[in-house]
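A.B. asks: I'd like to ask you about the structure that follows.
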Amino acid sequence: ERQLAESGGGLVHPGGSLRLSCVGSGLTFADYAIGWFRQVPGKARERVSCIDSTENRTFYEDSVKDRFTISRDNAKNTVLLEMNNLKSEDTAVYYCTAASWCNHWRAGYLELWGQGTMVTVST
């Protein structure tokens, strides 16, 4: 069974930092682009960032550019999302997703979803 598992969410003050992890199992991790969506309950999902199966090909949504950094370690079946200078509007459930590559991910062609991890940015 192919699975993605997110971790690292929590409560942080505005201006703080968090590191989210996405760990894959049951799949050839290096073959997939891995992208992060976030969603506030009752609202539409929002693209955050994606990293291609070819490293150094990345996408960042405008609202997180220069604050978030995505990276991957295929030997550990892991993608990290480093989040800095967090703002209240970053509060959401963050989902790790797999696609063929990031251009397809942007178009919504998603192969697999994780269960989500909650990020709360609040005073």
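The values are calculated or read from the model by the stated rules, or taken from the named source; none is laboratory data. Just so it is clear, the model here is predicted, and its values are computed rather than measured. Ideal geometry is used to build each Cβ from the backbone, glycine not excepted, and the neighbour counts take in all protein chains shown. Note: accessible area is taken over every heavy atom of the protein model, side chains too, but ligands, DNA and RNA are not part of it. Shrake-Rupley method; radii C 1.70, N 1.55, O 1.52, S 1.80 Å.
A.B. asks: When you look at N103, is it more than 18 Å from F29 (Cβ to Cβ), free of Cβ contacts under 8 Å to residues at least 12 places away in the same chain and surrounded by 14 or more Cβ atoms within 10 Å (Cβ to Cβ), yes or no?
C.D. replies: When the stated conditions are applied, N103 passes them.
A.B. asks: Using the structure shown, decide if G8 is in contact with a Ser or Thr (Cβ under 6 Å, 6 or more places away or on another chain), modelled with pLDDT of 95 or more and over 19 Å from H104 (Cβ atoms).
C.D. replies: So G8 fits the description; yes.
A.B. asks: Filter the stretch 87-100 for residues that are open to solvent by 30 Å² or more (accessible area, probe 1.4 Å) and either over 28 Å from G15 (Cα atoms) or not in a helix (DSSP H, G or I) (or both) and give the result.
C.D. replies: Once the filter is applied, which keeps residues that are open to solvent by 30 Å² or more (accessible area, probe 1.4 Å) and either over 28 Å from G15 (Cα atoms) or not in a helix (DSSP H, G or I) (or both), the stretch 87-100 yields K87, T91, V93, Y95, S100.
A.B. asks: Let me ask another. I need the full set of residues from the stretch 106-119 which are buried (at least 16 other Cβ atoms within 10 Å of the Cβ) and among the hydroxyl-bearing types (S, T, Y), in order please.
C.D. replies: Answer for the stretch 106-119, where residues must be buried (at least 16 other Cβ atoms within 10 Å of the Cβ) and among the hydroxyl-bearing types (S, T, Y): just T117.
A.B. asks: Only one of (1) surrounded by fewer than 16 Cβ atoms within 10 Å (Cβ to Cβ); (2) over 11 Å from the mean Cα position of the chain (by Cα) fails for N77. Which number is that?
C.D. replies: Unmet condition: (1).
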